[in-house]
1. Top to bottom by accessible area (1.4 Å), largest first, where do Arg215, Arg183, Arg239, Arg20 land?
2. Would you pull out the residues with amide H under 5 Å of Ala32's amide H, same chain only if 5 or more places away, H placed 1.01 Å from N?
3. Rounded, prolate or oblate, given the Cα gyration tensor of the stretch 19-132, with a/c below 1.5 counting as rounded?
4. Taking Cα centroids, how far is the stretch 52-75 from the stretch 136-173 in Å?
5. May I ask you to work out the translational diffusion coefficient for the stretch 91-224 at 20 °C, viscosity 1.002 mPa s, via Stokes-Einstein with Rh from the Kirkwood sum over Cα pairs, reported in whole µm²/s?
6. Under the rule a/c < 1.5 gives rounded, and otherwise a/b versus b/c splits prolate from oblate, where does the stretch 168-217 land using the Cα gyration tensor?
7. Using DSSP, restrict attention to beta bridges with both residues in the chain and report what percent are antiparallel, rounded to the nearest 5.
8. With angles folded into 0 to 90 degrees, how steeply does helix 197-214 sit against the dominant principal axis of the chain? Use alpha carbons for both and round to 10.
Amino acid sequence: MKRQSTSAPLFRTRQRARQRGETIGAHHHDEAQLILALSGTTQIYTDTGRWLVPPQLAVWIPAGITHRLDVLSGAEMRLLHWHPEAIQRWAPNANLDREFALRVSPLLRELIHAAFAPNTDADKQTLIAQLVLHELSTVVDAPTYLPLPTSNVGRRVAHLALSDTGLALTTPDLAAGAATSVRTLSRLFPAETGLTFRAWRQRARIVMAIDHLARGKTIAQAAGLAGFSSTSAFSYAFRQVTGETPSGFVG
């Protein structure tokens, strides 16, 4: 039998129950990690952005990526870990070297359930680990991902915009508050986030609204708290960002 080149397991699973308000501070793993909450909502931060993660979504964190996790509502979490050698063996051509969130498909959910089943033997566990990596290899970023600017000026604008939950500040107000100009702001956001500032701010509002929905607010309440004048305006913007209606997303 061929001996593994590492004493660490190629694949392992963990489950944790987390209470609302818990924070797991900035840390990193030597393994790649898939994070899923069967119930509850978490928010995950890395240097490149943040992801709001309701139960419909999971987040992939490559090995060595520093991240922080906030528990927004009590969460029953499932954590799957792959040793770097497992990625090389089982998914050498997959685009798994960056963090991302993905919609949990019915197949992926069943694979995760099987990975945690008490009667799953080692051979089956290996096959499950390979199939999960295959499912991850063709994903696109989920709409709850909010990329963050990389420059100090861009970060200041983003911080002011995220703090302005009532949308009281105009774009010139935000630029002035960050000691920059509207022209610079308009140039920075596409270059550093891939989104125009207007599109970025709209996505930030939708992410905020999804947070409220995950906490049990009604669609009308979430729309109001995210600064929308009506549920119809909210539903239209929600569909533009996520591709579906608010009720379809949370249902």
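The values are calculated or read from the model by the stated rules, or taken from the named source; none is laboratory data. In this text, all values refer to a predicted model and were calculated from it rather than measured experimentally. Neighbour counts are summed over all protein chains in view; Cβ atoms, including those assigned to glycine, are modelled from backbone coordinates with ideal geometry. Ligands, DNA and RNA are stripped out before the accessible areas are found, and what is left, the full protein with its side chains, is counted by its heavy atoms. Shrake-Rupley method; radii C 1.70, N 1.55, O 1.52, S 1.80 Å.
1. Numbers: Arg215 105, Arg183 205, Arg239 125, Arg20 170 Å².
The ordering from most to least exposed comes out as Arg183, Arg20, Arg239, Arg215.
2. Close amide H contacts, sequence-distant or interchain: Ala63, Trp82.
3. Numbers: a/c = 1.87, a/b = 1.26, b/c = 1.49.
Oblate shape, in that a/c is at least 1.5 and b/c is the bigger or equal ratio.
4. Going from one Cα centre to the other spans 18 Å.
5. Numbers: Rh = 17.8 Å.
This corresponds to a translational diffusion coefficient of 120 µm²/s.
6. Details: a/c = 3.76, a/b = 1.87, b/c = 2.01.
Verdict is oblate for the stretch 168-217.
7. Working: 39 of 39 bridges.
Among the beta bridges of the chain, antiparallel pairing accounts for roughly 100 percent.
8. Tilt of helix 197-214: around 60 degrees.
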